[in-house]
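These notes are about the structure you will find just below.
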Amino acid sequence: MCTSRAPYFGGDPCPGVEKHLAAQVKCVDPHLVGGLVADGSDLAMTCPPGESIGKILFASYGTPTGDLSLFQSGWCESTYSTDVVKTLCLNEPFCTIPVNAGQFSDPCVGTDKSLAVEARCWATSPPTPDANSISGTADEHDTLVLECPSPDFVIGSINFASYGTPGGNSTDGFTSTWCDAQTTVPIVSDLCIGQPI
C-alpha cells in the first residue's frame, strides 16, 4: 500500500481550481528474475531464499528487446533458447547461463546477439495472481490508498499519475488535462514503487 495526501506535489498547478489526485500503478510479482545480457557474458538469476526457478516465462537468444516482464523476440532468435534455459535453470534456486552461440547455436551469423530471460521463482506451486492493475482518486486534502490485490505482489510501475484536474475513471482509464502538476509521476513513484500494501 502506498498513501499520498493530495496537496504534496510541488506547488499548486492551477490556483483557485478545486483539484484531485488520480493515479494508476502496475503491481508486479517480486519473484520474477532474469535480465538481458550481451553475447559473451553470463546471465545470473537468483531466487529469494526458500524458492527455486519454477517457470521460464520468456527466453530468447538472438535480437530480443525490452525489459523484464516486457521482453519481445527480435527478428533473429535461436529455436533452442527456451530448452537451454530450462535445462540449466528449472527447479534451481540460482543459475548462471553462459551466453554464446556454442550454447544456443548461432541463429544469425555476423549479427550482435544477446539473451533475454524472464523466469518466476516459487516455493512449491505457482501463485494464482489477481488482477494486477489498480487505480484510484483522492480529492484535494484527502489521501489516496493503492493496495495490490495479492499480498505477494508489490507496486512495480506507475502507469498514470496526475495531480490537478485529471479526466476519466478507474474503469476506463485516466487522462491528463490542462491542469497537471508535472512532478506527480516522480513523487508517486518514490512513494509507491516496491510497496506491497
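The single residue among Ser69, Ser52 that is closer than 30 Å to Phe160 by Cα, modelled with pLDDT under 95 and polar (S, T, N, Q) turns out to be Ser69.
Restricting attention to the range 140-152, which residues are in contact with an Asp or Glu (Cβ under 8 Å, 6 or more places away or on another chain) and either modelled with pLDDT of 85 or more or among the acidic types (Asp, Glu) (or both)? Scanning the range 140-152 gives Glu140, Asp152.
Residues that are in a strand (DSSP E or B) and aromatic (Phe, Trp, Tyr) were ranked within the range 46-82; the one that is farthest from Lys113 (Cα to Cα) is Phe58.
Here Ala23 fulfils each of the conditions (1) touching a helix residue (DSSP H, G or I) at 6+ places or on another chain (Cβ under 6 Å); (2) of a type in the set (Gly, Ala, Ser); (3) within 26 Å of Gly102 (Cβ to Cβ); (4) touching a residue at least 60 places away in the same chain (Cβ under 8 Å) apart from (3). Taken together, the residues in the range 176-192 that are surrounded by fewer than 15 Cβ atoms within 10 Å (Cβ to Cβ), more than 24 Å from the chain's Cα centre (by Cα) and not hydroxyl-bearing (Ser, Thr, Tyr) amount to 1. The listed residues are Gly173, Gly168, Gly156, and the only one of them that is in contact with a Lys or Arg (Cβ under 9 Å, 6 or more places away or on another chain) and either crowded, with 16+ Cβ neighbours inside 10 Å or more than 30 Å from Trp122 (Cβ to Cβ) (or both) turns out to be Gly156. Here is a check on your reading of the model: is Ser189 part of a strand (DSSP E or B) and either basic (Lys, Arg) or in contact (Cβ under 8 Å) with a residue 24 or more places away in the chain (or both)? Against the criterion (part of a strand (DSSP E or B) and either basic (Lys, Arg) or in contact (Cβ under 8 Å) with a residue 24 or more places away in the chain (or both)), Ser189 does not qualify.
The values are calculated or read from the model by the stated rules, or taken from the named source; none is laboratory data. Remember, predicted model here, so these are calculated numbers, not experimental data. Quick reminder, even Gly has a Cβ in these numbers, built from the backbone with ideal geometry, and neighbours come from all protein chains shown.
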